[in-house]
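Chemist: Quick one: this structure, given as structure tokens, is what I'll be asking you about.
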Amino acid sequence: MLISDLFKQKKALYSFEIFPPKPTADLAAIRGTIERLSALQPDYISVTCSAGGTGNSRTAEIAKIVQAAGVEPLAHVTCVNASKADISRTLRELSEAKILNLLALRGDRVEGAKPSDDFRYASDLTAFIKRWSEGFDIGGACYPEGHPDAPDILTDIRNLKKKVDAGVSHLNTQLFFDNEDFFRFLDMLALAGIDVPVQAGIMPLVKKAHVDRIISLSGAKIPAQISRMIARFYDKPDALMEAGIAYAVSQIADLLSAGVRGIHLYVMNNAYVAERITENVKNILNEVNAQ
Ligand code: FAD
């Protein structure tokens, strides 16, 4: 089902994001992960794509495995290094497989890769996909703390409006750890006339490697509660896992209490984390959607 139709039926969606294995890797592990994630009955599972040399190839392959497992896939499509011909090829493969939910992204610039002559922003890609076929349902990315390239958050939101006007029907946020940033962001979107549903992106910080990566790359603000957790449990894997899951659960419970339109869990291909979090929030989600 198209995700914009799911939003018409439900108050709050619940979804997972996974990434494809390396081109040479065996598919057994990701198949096992998808099977376990599917058992949790998410509304959809999104599959990332690399922006650089390897292109979108494995995204479609993994999205087809999600589909075969009985869950709606959402395929990410990046354009920063792609030509119109590349994107057309990707769209043809996805539409032939009846994978109609896409996340249109610029992608991060990759060292050494040739920048696209055809697409500058995700809004260019969105407009291209719309022209290619009206049959796709297109989501976009957004940034509660502002995109790092934007001079300020208001400029970023003005640019986001262009993406929505180009045809994006729902938005997924970058990860954030302070819900107040998200609520303030929603207020700014309303003032800017952006009224499409927004799903909150939640990244459970459960492993040392995530902590290092998130702190150096995402630019997300780290609240004092998370700093304390990292300072105390950085080298204690079991405790970090428990504390990270507990933080994500409390963030989700607060967001759902406030009426968020959905939770998108960055599960980093870790089915165990998804299971633990889902177990803790499923009654809240059921209650919200029953109202
Ligand atoms: P855009 O919407 O194009 O915005 C990029 C920058 O350009 C922003 O600063 C914006 O303010 C500015 N801008 C936009 N339009 C205009 C305009 N018309 N004029 C002037 N400035 C403009 N990356 C991957 O490589 N693969 C993935 O699978 C992937 N999945 C993601 C999923 C989510 C939910 C999120 C939040 C991000 C994801 N990313 C992924 C990262 C994303 O590709 C990067 O953050 C990238 O830098 C920006 O992509 P975008 O689609 O948001 O770009």
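The values are calculated or read from the model by the stated rules, or taken from the named source; none is laboratory data. The structure displayed is predicted, hence computed values, not measured ones. Every residue, glycine among them, receives a Cβ derived from its backbone with ideal geometry; neighbour counts consider all protein chains shown. With ligands, DNA and RNA removed, areas are computed over all heavy atoms of the protein, side chains included. Shrake-Rupley method; radii C 1.70, N 1.55, O 1.52, S 1.80 Å.
Here is a yes/no grid of residues against (1) surrounded by fewer than 19 Cβ atoms within 10 Å (Cβ to Cβ); (2) closer than 23 Å to Lys11 by Cα:
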| site | (1), (2) |
| --- | --- |
| Phe182 | no, yes |
| Leu189 | no, yes |
| Ile194 | no, yes |
| Val198 | no, yes |
| Met203 | no, yes |
| Pro223 | yes, no |
| Leu240 | no, no |
| Gly259 | yes, yes |
| Ile263 | no, yes |
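Chemist: Out of the residues in segment 245-291 that are in a helix (DSSP H, G or I) and of a type in the set (Phe, Trp, Tyr), state the one that is nearest to Pro197 (Cα to Cα).
Modeler: The qualifying residue nearest to Pro197 (Cα to Cα) is Tyr247.
Chemist: Tally time: how many residues in segment 103-151 are polar (S, T, N, Q), part of a loop (DSSP other than H, G, I, E, B) and within 13 Å of the ligand (Cβ to nearest atom)?
Modeler: The number of residues fulfilling the criteria is 1.
Table: residues versus (1) outside any helix (DSSP H, G or I); (2) farther than 24 Å from Arg131 by Cα; (3) in contact with a His (Cβ under 6 Å, 6 or more places away or on another chain).
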position: Leu6; (1), (2), (3): no, no, no
position: Lys11; (1), (2), (3): yes, yes, no
position: Thr33; (1), (2), (3): no, yes, no
position: Arg89; (1), (2), (3): no, no, no
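Chemist: Quick one: in segment 23-57, of everything that is modelled with pLDDT of 95 or more and within 12 Å of the ligand (Cβ to nearest atom), which residue is most open to solvent (accessible area, probe 1.4 Å)?
Modeler: Among those that are modelled with pLDDT of 95 or more and within 12 Å of the ligand (Cβ to nearest atom), it is Thr48.
Chemist: Given the criterion over 17 Å from Ile277 (Cβ atoms), assigned to a helix (DSSP H, G or I) and acidic (Asp, Glu), identify the matching residue among Asp238, Asp212.
Modeler: One residue alone meets the criteria, Asp212.
Chemist: Of Asp152, Asp117, which residue is open to solvent by 50 Å² or more (accessible area, probe 1.4 Å) and closer than 15 Å to Ala82 by Cβ?
Modeler: The match here is Asp117.
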